[in-house]
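Student: Handing you this structure, nothing more for now.
The values are calculated or read from the model by the stated rules, or taken from the named source; none is laboratory data. Please read these numbers as outputs of a predicted model, since none were measured by experiment. Note that each Cβ is placed from the backbone with ideal geometry, even for glycine, and that neighbours are counted across all protein chains shown.
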Amino acid sequence: MENKGLKVGNLKTLGCVDLATGDIDYEGSIIKENISAGMKVKTSGDVQVFGMLEDGSIEAGGNVDIKLGALGQANRNNNIGIKCAGNLSAGYLDNIRVQAKGDVLIKTKLSN
């Protein structure tokens, strides 16, 4: 709320993040469908993915919510797949490294 009004922060809505869009670096929050293999998303705010993160990476200054889940590669042990300063929720996490400062909620499966 601001002087009897409302201020809405930066919000970007995308389809898939893939080779056509390239990596994303944005000041604000992002909503998207899927993040394809090898793509990187970095935001100062929240990230919401309605599909899945497939062997890509997310770095968020806020919360990360991945409706379906995140899938990484077992041979990439040193890479952080998801890093957030807030809470992380996902349908599942499989072979992906995460670092969250807040709570982590996995709805169905956590493996490797």
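Student: Check whether at least one residue in the range 69-82 is at pLDDT 95 or above and surrounded by fewer than 22 Cβ atoms within 10 Å (Cβ to Cβ), and report yes or no.
Tutor: For the range 69-82, residues at pLDDT 95 or above and surrounded by fewer than 22 Cβ atoms within 10 Å (Cβ to Cβ): absent.
Student: Could you grab me the full set of residues in the range 14-35 that are part of a loop (DSSP other than H, G, I, E, B) and more than 12 Å from the chain's Cα centre (by Cα)?
Tutor: L14, G15, C16, D18, L19, A20, T21, G22, D23, E27, G28 - these are the residues of the range 14-35 that are part of a loop (DSSP other than H, G, I, E, B) and more than 12 Å from the chain's Cα centre (by Cα).
Student: Being closer than 17 Å to I82 by Cα and of a type in the set (K, R) is the filter; apply it to the range 1-41 and report the residue that is modelled with the lowest pLDDT.
Tutor: K32
Student: For I96, are the conditions met, namely being at pLDDT below 95, surrounded by 17 or more Cβ atoms within 10 Å (Cβ to Cβ) and assigned to a loop (DSSP other than H, G, I, E, B)?
Tutor: When the stated conditions are applied, I96 passes them.
Student: Separate question: Could you give me the residue pairs with C-beta distances under 8 Å whose first residue belongs to the range 61-72 and is on the phi > 0 side of the Ramachandran plot, whose second residue is surrounded by 17 or more Cβ atoms within 10 Å (Cβ to Cβ) and not small (G, A, S) wherever it lies, and which are 6+ apart or on separate chains?
Tutor: The qualifying pairs are G69/M52; G69/L53; G69/Y92; G69/L93.
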